[in-house]
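S.K.: Okay, handing you the structure first.
The values are calculated or read from the model by the stated rules, or taken from the named source; none is laboratory data. Bear in mind that the values here come from a model prediction, so they are computed numbers and not experimental data. Positions of Cβ are generated from backbone atoms using ideal geometry, with glycine treated the same way; all protein chains shown enter the neighbour counts.
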Amino acid sequence: MRGSRPVVEVVRLGLVSYQEALRLQQVYVNRHQSGPAHALLLCQHPPVYTTGIRHKPYPTDLLDRLRLLGADIHRTNRGGLITFHGPGQLVCYPVLNLSGFKKSVRWYVCELEKTIISVCRRFGIEASTSPHTGVWVRDHKICAIGIHCGRYITSHGLALNCSTDLSWFSHIVPCGIEGKGVTSLSAELQRDAGVEEAVPHLLDAFAEQFGCELTDRRTLYGDGTAETSA
């Protein structure tokens, strides 16, 4: 702690496989066993469809078609149903001990939603929540949220569509929600708005919403150690 504000380490992973991101999240989850080790892992993934713990078995022919598109498929222990992650999407995995914030999963998800609404506002986009988890622009989801929380330590997180190729979503029912669409910062602004442009806004909004201080790390190594940015 620095003063009364939790300190959260920002770790920029770059383009990393979904499986490797899961492993690195576990590295940071384990760090909490010896004291506060709040971290915010930022990355992009090669094309991958992921399913959550609430999913029903998907037909084999559907999974085969998705693989033929060039995407991996992973089942995870997060909440929610099937969604897509890929280049141009800012994926954020907060690994926090909610004991250092507020011991409420509902509060945590709401704060993530408010963070992304603030990010969109900084781009001049009016976004909001709905009865469905995530952040929406009209009837189109711009950010998916799916978390896991064990002993108040969080993992998984959110995926903000920046310059994502939205055609990947046309092969599934994103998050199992019928009759709704998806959008991105680029689609709403009608210009390229990539991950690098969105990151500073996300960090500012996260620090403000969660009342924390961020320390930035640029390079993460395979053993979980990191090199501090200049």
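S.K.: Check off (1) in a loop (DSSP other than H, G, I, E, B); (2) hydroxyl-bearing (Ser, Thr, Tyr); (3) modelled with pLDDT under 95 for Ser170 and give me the number that stays unchecked.
M.R.: For Ser170, the failing item is (1).
S.K.: Let me ask you something else. Report whether or not Leu62 is surrounded by fewer than 21 Cβ atoms within 10 Å (Cβ to Cβ), at pLDDT below 95, among the aliphatic types (A, V, I, L, M) and part of a helix (DSSP H, G or I). Please lay out each step first, then the result.
M.R.: Numbers: surrounded by fewer than 21 Cβ atoms within 10 Å (Cβ to Cβ): yes; at pLDDT below 95: yes; among the aliphatic types (A, V, I, L, M): yes; part of a helix (DSSP H, G or I): yes.
For Leu62, the condition - surrounded by fewer than 21 Cβ atoms within 10 Å (Cβ to Cβ), at pLDDT below 95, among the aliphatic types (A, V, I, L, M) and part of a helix (DSSP H, G or I) - is met.
S.K.: Have a look at Lys103, Lys114, Lys141 and point out the one that is in a strand (DSSP E or B) and modelled with pLDDT of 95 or more. Before you say what the answer is, go through the steps one by one.
M.R.: Working: Lys103 fails: in a strand (DSSP E or B); Lys114 fails: in a strand (DSSP E or B).
The match here is Lys141.
S.K.: Looking at segment 176-196, I want the residues that are farther than 22 Å from Gly14 by Cα and modelled with pLDDT under 95 and have a partner that is surrounded by fewer than 20 Cβ atoms within 10 Å (Cβ to Cβ) and among the acidic types (Asp, Glu) with Cβ atoms under 9 Å, at least 6 apart or on another chain. Which pairs are those?
M.R.: What qualifies is Gly179/Asp139; Lys180/Asp139; Gly181/Asp139.
S.K.: Additional query: Starting from segment 131-151, take each residue that is touching a residue at least 12 places away in the same chain (Cβ under 8 Å) and list its partners that are in a strand (DSSP E or B) and basic (Lys, Arg), counting only C-beta distances under 7 angstrom and pairs at least six apart or across chains.
M.R.: Sorted first by the residue in segment 131-151, then by its partner, the pairs are Gly134/Lys141.
S.K.: What about Tyr28, is it surrounded by fewer than 19 Cβ atoms within 10 Å (Cβ to Cβ) and outside any strand (DSSP E or B)? Let's see the steps before the verdict.
M.R.: Numbers: surrounded by fewer than 19 Cβ atoms within 10 Å (Cβ to Cβ): no; outside any strand (DSSP E or B): yes.
Here the answer is no, as Tyr28 does not meet what is asked.
S.K.: Moving on to the next point. How many residues are over 23 Å from Val199 (Cβ atoms) and either charged (D, E, K, R) or in contact with a Cys (Cβ under 8 Å, 6 or more places away or on another chain) (or both) if we restrict to segment 99-135?
M.R.: Narrowing segment 99-135 to residues over 23 Å from Val199 (Cβ atoms): 99-100, 102-107, 130-132.
Filter again for either charged (D, E, K, R) or in contact with a Cys (Cβ under 8 Å, 6 or more places away or on another chain) (or both), leaving 102-103, 105-106, 132.
Count: 5.
S.K.: Regarding segment 100-107, can at least one residue be identified that is more than 24 Å from Lys180 (Cβ to Cβ) and under 15 Å from the mean Cα position of the chain (by Cα)?
M.R.: Within segment 100-107, not a single residue is more than 24 Å from Lys180 (Cβ to Cβ) and under 15 Å from the mean Cα position of the chain (by Cα).
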